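Visitor: Supplied in C-alpha cells, the structure appears directly below.
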Amino acid sequence: MNLIRAALSNPVATLVAVLLALLFGLLSLNRLPVQLTPEVEVPEISITTQWRTASPQEVEANLIEPQEKVLRGMPGMIEMLSSAERGQGTVTIKLAVGTSLDRSLLEVLNRLNRVPSYPEDANEPVLSTVGGKSRPIAWFIIKTLPGNDRPIASYQDYVEEVIQTRFERVSGVALSEVRGGREQELRITFDPYKAASLGVQLPVVASMARGNDDITAGIADVGKRRYTIRFNGAMSPQTLDEMILEWRDGAPIYLRDVAQVELLAKDRQSFVINSGDDAIAVNAHREAGVNVLKVMQELQLAADELRSGSLQSAQLSLEQVYDETHYIDRSIQMLASNLLIGILLAVGILWWFLRRFRATMMVAVAIPLCMTVSFLVIDASGHTLNVISLAGLAFAVGMVLDAAIVVLENIVRLREKGLPVHQAASQGAAQVSGALFASTITTVA
C-alpha cells in the first residue's frame, strides 16, 4: 500500500529507479557466468604419488597405508578413498560442504610431512583440488602434417612445454592434461654375462647411477665473501657411458663395458587414435564459477595462435574435437527462444482482449524490468546462468504476466466507473495486491 502510493506520488523517482534497475540488471547479465547446469561444489583433495614399476601391493603397503595413517581424523573430512595400481597410488579426501579448501590443503600438507619416509625411487606426493567429477570442457587432437615422418608419440615433451603450458595460461583454465604421448627416459640395459665375467655387482652400479644428480653442499664463508658449494654430479647419456665403476689392476671399468646407455621413449601405457591415425590429445578443465563461454573463446584464440606460430614450424596440426559450449549455446538458445515466443503470445492475446495499446505496453514493459532485476539478484547471490535458472526465469515471467494482467484489469474496471487515472491506479493495485502476494508466495513455496 505505502509502496504503491510512494511510486504514484513520485513519478520521477520511480522512473529513475526503474532505469537504474534496468542498467544494473543488464550489467549483471553481461558478467554472469554461463554454464550448462548448476554447479554443486563438493570439496575434494586428491593426493597422487608415483612409484614407477611398483606393484599394487607394494604401492598400498609403502605409499597408501602410511598416508592414510597420518590423514585419519582430519577436520572436515567425511570420506577417504584410496586406490593402488601399478606405479601409482591415489588418496582422495572428500570434505564437508562449506569446508575451507585452503585450510584443508595446508592441513593435508602438514600431515603428509609426518610420513616417516618414502621409497627412494618414488616421487613426492602431488596434491590436486580438481576432483573426479570435474570433466574437461574441451579436447584437442595433435597430429603430424604430411611430410613429417617423425612419430607423433615422440612429441610428448614438446606438447607439454608448448601447448599444455599455453592452455594453462588461459584465464579460467584449472589444468590441462596430455594423453597419448611417450616421455623420454634414460635406460641402462646391463649385460649379465659381461657383468659376471668382470665381477661387477649390479646393485652397486644401480646405486651409483641413481646418484647422478647435482647436489648443493651448503654455504662457505671465506673472509668477507660467501660462496655456495655445489657438486655437479649430473651427467648426460653420452658422458654416463664413461662413468667409472671400479678399478682393476690399475685399469678402470666403465659403465659401457657392462651396459648400454640409451635415451629412449618410455613403454607405451596408453594411445590415442583419431580417424585411424596416431595422435596426442590435450584437454582443458575449467575453474569453478567461471564463464565457460568466455573461457572457450580464449582457448580457441590460444589454439589459433599456436597453429599460426610454433605448430606450423614443427609441422603439427591442432584440431578441436570436443566443445562443451555447443551444448550450452543450443540449450540456452532454445530456452530463450521459447521464453520470447511465450512473452509475445501473452502480450498479443492481452491486446486482443483489451484493445488498448497503452495498457498492453504497460504489461509488456513489466516483463524486461522483472527479468533484469532477476539477473541482478542472481549475480549478487553468486549463482550462474544455466538451463535450470533460465527455466525458472521463464516460469517466473508467466507469474509476472498473470499478476500484471489482474492488476491491469482491475484498474481498467475502476476507470470505466469514472475514477480519475491516479485514483484508479492506486485503488486498483491496492485492492488485489494482498491476493496476488499470497498467490505468488504459495506457488513459490
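The values are calculated or read from the model by the stated rules, or taken from the named source; none is laboratory data. Note that the structure is a prediction, hence the values are computed from the model and not measured. No Cβ is skipped: glycine too gets one built from the backbone with ideal geometry, and neighbour counts run over all protein chains shown.
Visitor: Out of the range 7-27, which residues are hydroxyl-bearing (Ser, Thr, Tyr) and closer than 17 Å to ILE367 by Cα?
Guide: To start, the set of residues in the range 7-27 that are hydroxyl-bearing (Ser, Thr, Tyr) comprises 9, 14.
Residue satisfying the conditions is THR14 alone.
Visitor: Anything in the range 282-334 that is of a type in the set (Gly, Ala, Ser) and over 26 Å from ASN386 (Cα atoms)? List them, or say none. Steps first, answer last, please.
Guide: Step one: list which residues in the range 282-334 are of a type in the set (Gly, Ala, Ser), which gives 284, 288-289, 302-303, 308-310, 313-314, 317, 331.
Within the range 282-334, ALA303, SER308, GLY309, SER310, SER313, ALA314, SER317 meet the criteria.
Visitor: While we're looking at this one, here's another question. Checking the structure you have, find out if any residue of the range 41-54 is within 23 Å of the chain's Cα centre (by Cα) and charged (D, E, K, R).
Guide: Yes, some residue in the range 41-54 is within 23 Å of the chain's Cα centre (by Cα) and charged (D, E, K, R).
Visitor: Let me ask something else about it. Which members of the range 272-286 meet the condition of being of a type outside the set (Val, Ile, Thr), surrounded by 14 or more Cβ atoms within 10 Å (Cβ to Cβ) and either in contact with a helix residue (DSSP H, G or I) (Cβ under 8 Å, 6 or more places away or on another chain) or without any contact (Cβ under 8 Å) to a residue 40 or more places away in the chain (or both)?
Guide: First, pick out the residues of the range 272-286 that are of a type outside the set (Val, Ile, Thr): 274-279, 281, 283-286.
When the remaining residues are screened for being surrounded by 14 or more Cβ atoms within 10 Å (Cβ to Cβ), the result is 274, 278-279, 281, 283-286.
The answer is ASP278, ALA279, ALA284, ARG286.
Visitor: Would you check if there is a residue in the range 302-311 being more than 30 Å from GLU44 (Cβ to Cβ) and of a type in the set (Lys, Arg)? Give the derivation first.
Guide: Residues of the range 302-311 that are more than 30 Å from GLU44 (Cβ to Cβ), as a first pass: 304-311.
Filter once more, so that each one left must be of a type in the set (Lys, Arg): 307.
Yes - at least one qualifying residue is present in the range 302-311.
Visitor: If you don't mind, there's one more thing I want to ask. Run ASN10 past the list (1) touching a strand residue (DSSP E or B) at 6+ places or on another chain (Cβ under 7 Å); (2) more than 30 Å from GLY98 (Cβ to Cβ); (3) not hydroxyl-bearing (Ser, Thr, Tyr) and report the number of the one that doesn't hold.
Guide: (1)
Visitor: Only one of these conditions is not met by ILE343: (1) in contact with a helix residue (DSSP H, G or I) (Cβ under 7 Å, 6 or more places away or on another chain); (2) closer than 30 Å to GLY147 by Cα. Which number is it?
Guide: ILE343 satisfies all of (1) in contact with a helix residue (DSSP H, G or I) (Cβ under 7 Å, 6 or more places away or on another chain); (2) closer than 30 Å to GLY147 by Cα except (2).
Visitor: Do we have any residue at all in the range 176-195 that's within 24 Å of GLN300 (Cα to Cα) and within 14 Å of the chain's Cα centre (by Cα)? Lay out the reasoning, then the answer.
Guide: From the range 176-195, those within 24 Å of GLN300 (Cα to Cα) are 176-181; that's our starting set.
Adding the requirement that they be within 14 Å of the chain's Cα centre (by Cα) leaves 176-177.
There is at least one residue in the range 176-195 that is within 24 Å of GLN300 (Cα to Cα) and within 14 Å of the chain's Cα centre (by Cα).
Visitor: Another one. Given the conditions (1) small (Gly, Ala, Ser); (2) at pLDDT 80 or above; (3) under 47 Å from the mean Cα position of the chain (by Cα); (4) crowded, with 17+ Cβ neighbours inside 10 Å, report the number of the one that GLY392 does not fulfil.
Guide: Single failed check for GLY392: (4).
Visitor: Give the residues of the range 27-66 that are hydrophobic (A, V, I, L, M, F, W, C) and at pLDDT 85 or above, sorted by residue number. Steps first, answer last, please.
Guide: Step one: filter the range 27-66 for residues hydrophobic (A, V, I, L, M, F, W, C), giving 27, 29, 32, 34, 36, 40, 42, 45, 47, 51, 54, 59, 61, 63-64.
Correct list: LEU27, ILE45, ILE47, TRP51, VAL59, ALA61, LEU63, ILE64.
Visitor: Return the total of residues in the range 392-434 being free of Cβ contacts under 8 Å to residues at least 12 places away in the same chain and among the small types (Gly, Ala, Ser).
Guide: Result for the range 392-434: 3.
Visitor: Restricting to the range 291-325, what's the tally of residues that are without any contact (Cβ under 8 Å) to a residue 12 or more places away in the chain and either in the same structural domain as ARG31 (by TED's automatic domain parsing) or not in a helix (DSSP H, G or I) (or both)?
Guide: Adding up the residues that qualify gives 1.
Visitor: Within the range 83-115, which residues are part of a loop (DSSP other than H, G, I, E, B), loosely packed, with under 13 Cβ neighbours inside 10 Å and either touching a residue at least 60 places away in the same chain (Cβ under 8 Å) or in contact with a helix residue (DSSP H, G or I) (Cβ under 6 Å, 6 or more places away or on another chain) (or both)?
Guide: ARG114
Residue-wise test of (1) in contact (Cβ under 8 Å) with a residue 60 or more places away in the chain; (2) polar (S, T, N, Q); (3) over 27 Å from LEU127 (Cα atoms); (4) in contact with an Asp or Glu (Cβ under 6 Å, 6 or more places away or on another chain).
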{"residue": "VAL12", "(1), (2), (3), (4)": "no, no, yes, no"}
{"residue": "ALA17", "(1), (2), (3), (4)": "no, no, yes, no"}
{"residue": "VAL34", "(1), (2), (3), (4)": "yes, no, yes, no"}
{"residue": "PRO43", "(1), (2), (3), (4)": "yes, no, no, no"}
{"residue": "ARG52", "(1), (2), (3), (4)": "yes, no, no, no"}
{"residue": "PRO56", "(1), (2), (3), (4)": "no, no, no, yes"}
{"residue": "GLU65", "(1), (2), (3), (4)": "no, no, no, no"}
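Visitor: Let me ask something else. Across the range 1-42, which residue is farthest from VAL421 (Cα to Cα) among those that are in contact with a Leu (Cβ under 7 Å, 6 or more places away or on another chain) and either aliphatic (A, V, I, L, M) or in the same structural domain as ASP102 (by TED's automatic domain parsing) (or both)?
Guide: Going through the qualifying residues, I end up with VAL34.
Visitor: Output the residues belonging to the range 414-434 that are farther than 29 Å from LEU340 by Cα, part of a helix (DSSP H, G or I) and either of a type in the set (A, V, I, L, M, F, W, C) or touching a Gly at 6+ places or on another chain (Cβ under 9 Å) (or both).
Guide: LEU414, ARG415, VAL421, ALA424, ALA430
Visitor: For the range 415-440, what are the residues that are of a type in the set (A, V, I, L, M) and either under 13 Å from ASP402 (Cβ atoms) or outside the structural domain of ALA403 (by TED's automatic domain parsing) (or both)?
Guide: Initial filter on the range 415-440 (of a type in the set (A, V, I, L, M)): 419, 421, 424-425, 429-430, 432, 435-436, 438.
Once the filter is applied, which keeps residues that are of a type in the set (A, V, I, L, M) and either under 13 Å from ASP402 (Cβ atoms) or outside the structural domain of ALA403 (by TED's automatic domain parsing) (or both), the range 415-440 yields VAL432, ALA435, LEU436.
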